[in-house]
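Below: the structure, in structure tokens.
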């Protein structure tokens, strides 16, 4: 079965529970159509390089998906309709990354640097 990475950006004014609900809804769409979400990561609220629909920040969410092409098409259709999602991108990959993604490892490094500076 083909493997995909689906990343979407949610509006900055949403709470974390609303962002989690969006991720759960996307997972439900995939699972209802005989697909499988193998990993969900919430990268948090991050600054955007430029304003998108008057948003300077956005909540970033990554889904690793194992599903046929028609499932991804349905997920993208539902995502396009949702007003809380300001951007999305789905790419086909040869294999999913094991362990945390690059963004999660970056967040861990930044946290440890802050702790080191606070300790000194």
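The values are calculated or read from the model by the stated rules, or taken from the named source; none is laboratory data. As the structure is a computational prediction, the values presented were derived from the model and not from experiment. Cβ placement follows ideal geometry from the backbone for every residue including glycine, while neighbour counts extend to all protein chains displayed.
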Report task. Quick one: residue 70 ticks every box in (1) exposed (fewer than 15 other Cβ atoms within 10 Å of the Cβ); (2) touching a residue at least 24 places away in the same chain (Cβ under 8 Å); (3) assigned to a helix (DSSP H, G or I); (4) touching a strand residue (DSSP E or B) at 6+ places or on another chain (Cβ under 8 Å) except a single one, so which number is it? Result -> (4)
Requested in this report: Please enumerate the residues belonging to the range 40-67 that are farther than 15 Å from residue 10 by Cβ and touching a residue at least 60 places away in the same chain (Cβ under 8 Å).
Outcome: 64, 65, 66, 67
Query - Answer residue from the range 73-101, given it is more than 17 Å from residue 11 (Cβ to Cβ) and part of a loop (DSSP other than H, G, I, E, B) and is modelled with the highest pLDDT among those - result: 94
